[in-house]
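Heads up: the structure comes next, in structure tokens.
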Amino acid sequence: MSAFRRDLMTVCALGAALVVGGFVGSNYMLGVLVLFGMTSILVLSYRTITTMGGWSFAHIAIMGIGGYSVAILSKPPFGLPVLVATVAGGLFAALFAALLSYPVLRTRQYYFFLSTFAAGEALRQCFIQFREITGGTSGIAFIERPEILPNPSSTLEFLCLVAAVLVLLGIFYASLDASDAGLKIKAVGEDEALSSSIGIDAWALRALAFILGSFGAGIAGGLFATYNGIVSPSDINAMLMFKVVAACVIGGTTRFSGPILGLLFLTLIEEIFRVVPEFVPMIWGVFVIIAILFGQWARGRLMVWRAKNA
Amino acid sequence: MLEINNLSKIFGSLKAVDGVSLKLGRGEIRGLIGPNGSGKSTTMNLISGSLQPSAGDVSLDGVRVEGFPSHRIARLGLVRTFQLTRVYTSGTLLEAVALGVRAAQGSAWNPKRWIPTGENAKINIAAFEALERMGLASRANEPAGNLPGGLRRVLSIATALATRPRILLLDEPLAGLHATEKAEVSTRVEQLRADGISILLVEHDMKSVMRLCDRITVLNFGRVIAEGTPEEIGRHPEVIKAYLGRKRNSDA
């Protein structure tokens, strides 16, 4: 089975699992699933960015653009339908990424994550400082749920919406990954100098991955905002950023199943240690280290095993 | 085809390349030789756009290209390989070379290119042909990461070929190959010339250089100290003094 089909299966299976889980699970479970679905969108869009070879630390701040867009556009004087505002939020996030990519994508490796980190932090400060627009530290409250849901207060219906958005975006990212542009993005991620030397515009493809990945972050941000009913600078927290990165590290980014399984693993730990939430980041950290160390060992064993069986 | 004039590159107080000029005709193999540190690789980097020249110009068919980013120069038909071999190792040889085919076409911003096309027969055929031209066709479906160092160099030439270049800059293509492989790759490079591709060749293996090249340019301390046919270069006193005299007996 081709990698493309496997990725499509992964997102469809995840979407279906969310909906089924929502129908059979408890109320508490429903909330966990909604968060899992929205974070899955973040993680899958983040994976698209990592394929170009850079691990951004601005993803959650860019997600915030989506959240604030929905908060502002769904209220007067704009009064756009929430879903339209969410799509607009995705586009604004992509636009911001496009502007950011000009300076930031000239950096590599730790310079890249430092500059994205700085850009994200600057953006978060903007959300705090421009009080007239963003409501300062208290943010913007009373954001409606999408009107197209028959019963906007039903979490189950919202979960179905999240699952649908997840599947749509998943299909988009899976196609991108298997497309001509996707292959070139991964080529640039593997060896930028070689890619440029044979005629691939490395900067454009890195920017493309960053912009399209940020679009998904904006959409996820919109969903978070409308689900929580409020958006504030505290949504842009290091924990969530770490969770997204950790999911990609633990699961690996080669295929879509990796980050999803990584996120599943982190969520399970979060739920198991729910009574002692202060330990969760530490336990996550331990598992990230284990994943890095054990992952290398496991890849080594796998290569030996494959060589023996070749 | 390729014409460089008075090309210079200054690193701080060091003139790495100092007023190099040369003309490369269609279907010509031009050797670029010189002792270590004489500016051969820097010249390659300047021509291919990996480095910006401090002065001088580079023309491709009359179009000035100095200062262009390397991907644009590659799209104009001038592709280089690297001294420290660079190949895509994540997939098979065919997949690695197919990227060369793809690299020569399409823009990132065209949404049509964001949709998968499935197994693209045209691209695979072109990639397979490029592998065939370098004698790697029988290994097309092997993982590129398993290829030994010398053959990785050959794969890097095949990847460059897949872009259908008119001019190839080969940086030590024979390094790390054993004698029979050297002979085979030399024959294949001659075939590329017969197909009308112009080649600028940096190589330390003097026997192969003498055999392959139509003309040779010799650099020392960033300057051209001699230019001519292999016979002329072999007799040139300054060349013998700077380079061949030391090298001839220790021909590796």
_facing chain B (nearest Cβ under 8 Å) and either in contact with a Ser or Thr (Cβ under 7 Å, 6 or more places away or on another chain) or touching a residue at least 40 places away in the same chain (Cβ under 8 Å) (or both): which single residue out of A:G252, A:G199, A:G218 fits that description?_
A:G199
*Test for B:R113: is it within 26 Å of A:Y173 (Cβ to Cβ) and within 14 Å of another protein chain (Cβ to nearest Cβ)*: yes
*Residues of the stretch A:122-144 being crowded, with 19+ Cβ neighbours inside 10 Å and assigned to a loop (DSSP other than H, G, I, E, B), which ones?*
A:G135, A:G139, A:I143
*Before we move on, is A:G182 facing chain B (nearest Cβ under 10 Å) and within 20 Å of the chain's Cα centre (by Cα)?*
yes
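What about B:G149, is it over 30 Å from A:A174 (Cβ atoms), in contact with a helix residue (DSSP H, G or I) (Cβ under 6 Å, 6 or more places away or on another chain), of a type outside the set (V, I, T) and surrounded by fewer than 20 Cβ atoms within 10 Å (Cβ to Cβ)? Let's see the steps before the verdict.
Values: over 30 Å from A:A174 (Cβ atoms): yes; in contact with a helix residue (DSSP H, G or I) (Cβ under 6 Å, 6 or more places away or on another chain): no; of a type outside the set (V, I, T): yes; surrounded by fewer than 20 Cβ atoms within 10 Å (Cβ to Cβ): yes.
It is false that B:G149 is over 30 Å from A:A174 (Cβ atoms), in contact with a helix residue (DSSP H, G or I) (Cβ under 6 Å, 6 or more places away or on another chain), of a type outside the set (V, I, T) and surrounded by fewer than 20 Cβ atoms within 10 Å (Cβ to Cβ).
Looking at the stretch A:104-121, which of the residues that are among the hydroxyl-bearing types (S, T, Y) and surrounded by fewer than 16 Cβ atoms within 10 Å (Cβ to Cβ) is modelled with the highest pLDDT?
Applying the first criterion (among the hydroxyl-bearing types (S, T, Y)) to the stretch A:104-121 yields A:107, A:110-111, A:115-116.
Now drop any that are not surrounded by fewer than 16 Cβ atoms within 10 Å (Cβ to Cβ), which leaves A:107, A:110-111.
On the way: A:T107: 89, A:Y110: 87, A:Y111: 93.
Here the answer is A:Y111.
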_For the stretch B:61-96, which positions are in contact with a strand residue (DSSP E or B) (Cβ under 9 Å, 6 or more places away or on another chain) and basic (K, R)?_
B:R64, B:R80
*Is there a residue being touching a residue at least 60 places away in the same chain (Cβ under 8 Å) and closer than 24 Å to A:F210 by Cβ anywhere in the stretch A:136-151?*
no
_If B:L151 meets every condition in (1) within 13 Å of chain A (Cβ to nearest Cβ); (2) assigned to a helix (DSSP H, G or I); (3) at pLDDT below 95 apart from one, which number is that one?_
(1)
_Within the stretch A:194-310, considering only helices (runs of 4 or more DSSP H) that don't extend past its boundaries, which have at least 3 residues that are within 14 Å of the chain's Cα centre (by Cα) and closer than 14 Å to A:T39 by Cα?_
A:202-228, A:238-251, A:257-272
_Complete set of residues in the stretch B:116-126 that are facing another protein chain (nearest Cβ under 9 Å) and surrounded by fewer than 18 Cβ atoms within 10 Å (Cβ to Cβ)_ = B:T117, B:G118, B:E119, B:N120
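The values are calculated or read from the model by the stated rules, or taken from the named source; none is laboratory data. Note that the structure is predicted; figures quoted are calculated from it, not measured. Neighbour counts are summed over all protein chains in view; Cβ atoms, including those assigned to glycine, are modelled from backbone coordinates with ideal geometry.
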